[in-house]
Amino acid sequence: MSEHLDASWFTEAFTRCGSAFSLKITAKLHEEQTQYQKLAIYDTETYGKLMVLDGCVMLTDRDNFLYHEMMSHPALFTHARPRRVVIIGGGDCGTLKEVLKHPGVEKVTQIDIDERVTWAAEQWFPALVESNQDPRAELLFEDGVKWVDECEEASVDLIIVDSTDPVGPAEGLFKVDFFKRCFRILREGGILVQQSESPLYHTHSIIKELHTDMQAAGFQTTATLPFPQPVYPSGWWSCTMAGKECNVKQFRDADASARPFDTEYYSADIHRGALALPPFMQRVLNRR
Ligand code: SAM
């Protein structure tokens, strides 16, 4: 049935891809222009609360677990013994909460450029910020590129880049220079994981470039793991991992199976399945 979408619908149009995604809104709860971006919070009819930055959907109550679990657990179960974790971006704190589920993690520093995103998560997404008082968590508000630049060499096990799209403040987080700086601060066996957009829309462009640039920065192995994400362009999303003296195509299968915490989407089987790329992606990513 086709229905005209009136002003009670929020729509994000992916103009370059000729598609759009809409949610039925029941209330606009907040809107502000922060120093870095336009931040809006809505209540929706079927997806709970919705956070939007510069017109792009960041997360909803209903499906954020897919993204936050896949941005964290595959990398954490690939690293041999992750103790020191850094999150660049991630201001809604959903990824932080997942990382802190790992008892072996000793310290997590999250660096988001925009303090207002975390403020908004504290107001409207209480489930995401519930681990923020964990003594292992440190929340900083500055540019992630600058922070990585100033970080001590070989001092980090895992860097998670949970950023907005590669435009505006996040543009520098998708550049080969940034990956070189990440490589420098990672210890041997370290992993960089980056949110890497839609397999359907971006395999030939952003995802292919990420593999090329991560390898040019010194990382020996790279892998893209697709996963469903209904509220993002095409409904299908991905993260891309890069390993420093570490094979990101293998993981601690038994530890993932015996994980001492609950997840909604991640499991050892899901991890194994996500490493099996569809042929169209293999053709693009394996081409030199
Ligand atoms: N899951 C989301 C997505 O893929 O659309 C990302 C969510 S998270 C809210 C993205 C965060 O990246 C935002 O809070 C934004 O402030 C932050 N960010 C963008 N550029 C940044 C930079 N250069 N340094 C640190 N944080 C940055």
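Worth a mention:
- Pro135 meets the stated requirement of being without any contact (Cβ under 8 Å) to a residue 12 or more places away in the chain and in the same structural domain as Pro82 (by TED's automatic domain parsing).
- Extreme residue, nearest to the chain's Cα centre (by Cα), among residues of the range 76-114 that are near the ligand (Cβ under 9 Å from one of its atoms) and part of a helix (DSSP H, G or I): Thr95
- Positions within the range 210-263 being of a type in the set (D, E, K, R) and surrounded by fewer than 21 Cβ atoms within 10 Å (Cβ to Cβ), in sequence order: Asp213, Glu245, Lys249, Arg252, Asp253, Asp255, Arg259, Asp262
- All positions within the range 1-42 that are in a loop (DSSP other than H, G, I, E, B) and under 25 Å from the mean Cα position of the chain (by Cα): Gly18, Thr34, Gln35, Tyr36, Gln37
- In summary, Asp54 fulfils each of the numbered conditions (1) touching an Asp or Glu at 6+ places or on another chain (Cβ under 8 Å); (2) within 20 Å of Gln195 (Cβ to Cβ); (3) of a type outside the set (A, V, I, L, M, F, W, C) with the single exception of condition (1).
- Single residue of the range 43-71 satisfying the filter (under 18 Å from Pro233 (Cβ atoms) and acidic (Asp, Glu)) that is farthest from the chain's Cα centre (by Cα): Asp54
The values are calculated or read from the model by the stated rules, or taken from the named source; none is laboratory data. Keep in mind that this is a model prediction, so the values were computed, not measured. Don't worry about glycine lacking a Cβ; one is built from the backbone with ideal geometry, like all the others, and counts go over all protein chains shown.
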